[in-house]
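Below is one structure, written out as structure tokens, with a few remarks after it.
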Amino acid sequence: MAPLTRKNPSKPQKPAAKKNPKNSKVKTPKDDSTSESEQEEILQQQQLENDVVDDDSGSDSDFSSDGDDPLVDDFLQGSDDEEEKASGLDSGSVSDGDSDSDDEDIETKSRAIDEEREREKEDADAEMQLNIKEESDEFRLPTSEELEEEALRPPDISNLKRRIEEIVRILSNFKTLRQEGSARKDYIEQLKKDISSYYGYNEFLIGALVEMFPVVELIQLIEAFEKPRPMCLRTNTLKTRRRDLADVLINRGVNLDPLSKWSKVGLVVYDSQVPIGATPEYMAGFYMLQSASSFLPVMALAPQEKERVVDMAAAPGGKTTYIAALMKNTGIIFANEIKATRLKSLTANLHRLGVSNTVVCNYDGKELPKVLGQNAVDRVLLDAPCSGTGVISKDESVKTSKDLEDIQKCAQLQKELILAAIDMVDANSKSGGYIVYSTCSIMVAENEAVIDYALKKRDVKLVPCGLDFGRPGFTKFRELRFHPSLEKTRRFYPHVHNMDGFFVAKLKKMSSSKPNSKLSEPSENEEEETELVEEEETGLVEEEEKPSNDLKENDIETSESKSKKEKRKIPPSKLSKVIKENGKESSDSKSKVEKKRKFPSKPSSDIKENGKESSKREPQKKKKKSQHKEEISKAREEKRNALRKNKTRGDKQQN
């Protein structure tokens, strides 16, 4: 024990103090609470302390290491472990408390952020609604200066769209939303300009559409014209059934559905993985690519088996082949097409679909009654050539290419064609006697006006089309008034029925007579003759009503009246010759008729002599008043008969 007592005075606790860091150096990696950075710092400090101890005395360190008591080391080590555990528990509890508080702080902060965002969103929505309300309430039509500035700049599409929507909104409730001092006409004119600029229509066409539809429906129609119509197929029932065809096409990757309840043969195609117009089924004639609106005229015609049917404008053959399918290849169909270049597609489709009861011809439709004969067929389908204003989605050039002159030309041609169609139909047909008129136009001049013209010129009447849908035709449009039965016609629109704009009318021929031929427009020569007859008749009446004293005072008037009287006694056939002999007039020109009104013809010598003897014949005139009246009535009848004969001759020459 002497060495131990001798060691304590020199360095009482120093070796133990120096061993503690060494022991902690071994135990530090077991502490889970300390981080890696803290461990590195502790290791560095221990190394420095060890270096200092080694430098002080190597012998003392050896002595201390040799003479250390292991119990002391264990005790010291145990105390170190306990301290580290205690410190670890304390730090763990503190860290747990800190983490809980941190979680609570994050949760509250996130809630606050969410609430702030919701408030900002609500404020933004309220502000937007307020701005919209302020803008709509304060909408004003642009001034002329603003319009001039817009014309100098490129068109602002978003501004045009917004202005169109605002004008439509105001016109839909004009009384409450209109601008003070602005008339409806001002809004309409601005709407026309904006639509023309935004959608690319010309002034005439957009003006016609504005007259036909309310502004809200007008925008819907124009928007529908900007989208393509669905692709449709018509099953050829001469070769297959719709169910079988649909199964085959579905297997080929075609996505399709039945067209609608009103059609038993139609299919609508949404998309296809193969070219729908080049499948083996198409080549075999199992179906025809055909728009849904083209089904309607044939359905309205409803041809029966073994009938004689005429398709006056047949190419490319969609309607003709449909008629043949309904007739089951019986009877006979005359498929006429005026354009020779389109005959190739017509005949190709007839052969492809297996039609065998059709005769293809190439005539002007107006001449068909002469070729096929009048009252010779049971039914006629006239899908008349038109302006195409109902198929703008297929041909956008219609927006700018059509004007009033084009519409009038089409309407005139359609009137001539429908009269020819009526003349071909046999009114005494047991199963037929029907004419179907259709166009792919929505213009009133090409539809209702043509049917109304046919009702006046021929003994026909309108019958229901047999179609359960579609809007009725116009019975009045602006200043025009049509026959009330025109409500039996049907109109179809893309924004309502999702098909091309179309018009269908069905007529029944009652008799072969032409009761309203008297109302037809007379020729120029007939108008001149009727004017001359009226003038002569009025002259005779005035002459009879004048007293004898006036006749004595004015010999010129009596001579003129007598000359007219003598002309009246001349037969109507010789009347024009007498007028030419008098020198001032001829029935060949209107200008000479006008000259006769202003400057009466000079009386001939014979008339002058009769004028000298007028005073002697005055008593006789009074006695013969009744005879004059009879002569006047007879002359009128003769003249009317002559006009009728001339009219019939002119019609025959025109035909």
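How long is the gain from Asp468 to Lys430 if the chain were fully straight, where each residue apart is worth 0.36 nm and the alpha carbon distance is subtracted?
Working: separation 38, 0.36 × 38 = 13.68 nm, distance 2.55 nm.
My answer for the length gained is 11.1 nm.
Please work out whether the stretch 148-215 counts as rounded, prolate or oblate from its C-alpha gyration tensor, where a ≥ b ≥ c are the square roots of the eigenvalues and a/c under 1.5 means rounded, while otherwise a/b larger than b/c means prolate and anything else oblate? Before the final figure, lay out each step's value.
Numbers: a/c = 1.88, a/b = 1.25, b/c = 1.50.
Oblate is the answer for the stretch 148-215, as a/c is 1.5 or above yet b/c matches or exceeds a/b.
Given a Förster radius of 45 Å and the C-beta distance between Ile332 and Tyr198 as r, what FRET efficiency does 1/(1 + (r/R0)^6) yield to the nearest 0.05? Write out the running numbers ahead of the final one.
Working: r = 51 Å, r/R0 = 1.14.
Using R0 = 45 Å, I get an efficiency of 0.30.
Keeping all protein chains in place and using 1.4 angstrom, which order do Ser293, Ser511 fall into by accessible surface area, from largest down? Don't skip to the answer; put the middle values down first.
Working: Ser293 0, Ser511 35 Å².
From most accessible down to least: Ser511, Ser293.
Quick check: residue separation of Lys161 and Phe477 times 0.36 nm, minus the Cα distance between them. What number comes out in nm?
Numbers: separation 316, 0.36 × 316 = 113.76 nm, distance 2.95 nm.
Stretched out fully, the Lys161 to Phe477 stretch lengthens by 110.8 nm.
Of all accessible surface on the stretch 340-381 at a 1.4 Å probe, what whole percent is carbon and sulfur? Can you show the working numbers first?
On the way: 1030 of 2060 Å².
The nonpolar share, carbon plus sulfur, comes to 50 percent.
State in Å² the accessible area per residue of the stretch 215-369; use a 1.4 Å probe, count heavy atoms of protein chains only, and round to the nearest integer.
Ligands and nucleic acids excluded, the figure is 45 Å² per residue.
In whole percent, and with a 1.4 Å probe on the protein chains, what portion of the accessible area of the stretch 240-294 is carbon and sulfur? Let's see the in-between values first.
On the way: 1540 of 2970 Å².
In the stretch 240-294, the share of accessible area belonging to carbon and sulfur is 52 percent.
Could you size up the charge dipole of the stretch 341-462 around its Cα centre, putting +1 on the beta carbon of Lys and Arg and -1 on that of Asp and Glu, and report it in debye to the nearest 20?
Values: 16 positive and 16 negative charges, 66 e Å.
Value, rounded to 20: 320 debye.
May I ask you to give the percent of accessible area on the stretch 433-493 that is carbon plus sulfur, with a probe radius of 1.4 Å? Mind dumping the intermediate values first?
Details: 1240 of 2490 Å².
That fraction is 50 percent.
Order Arg252, Arg242, Arg644 by their accessible area, 1.4 angstrom probe, all chains in place, largest first. Working shown, then result.
Working: Arg252 100, Arg242 65, Arg644 120 Å².
So the residues, ranked largest to smallest area, are Arg644, Arg252, Arg242.
State, to one decimal in nm, how far the label point of Met283 lies from the label point of Tyr363, with both points 7 Å from Cα in the Cβ direction.
The two pseudo-label positions are separated by 3.8 nm.
Using alpha carbons only, how many angstrom separate the centre of the stretch 176-224 from the centre of the stretch 311-369?
So the separation of the two Cα centres works out to 42 Å.
Can you tell me the FRET efficiency between Asp105 and Gln129 if r is taken as the Cβ-Cβ distance and R0 is 41 Å, rounded to the nearest 0.05?
Details: r = 37 Å, r/R0 = 0.90.
It comes to 0.65.
The values are calculated or read from the model by the stated rules, or taken from the named source; none is laboratory data. Because the structure is a prediction, the values reported are computed rather than measured. Counting neighbours? That spans all protein chains shown, and the Cβs are built from the backbone with ideal geometry, glycine included. SASA here: full protein model, heavy atoms, side chains in, ligands and nucleic acids out. Shrake-Rupley method; radii C 1.70, N 1.55, O 1.52, S 1.80 Å.
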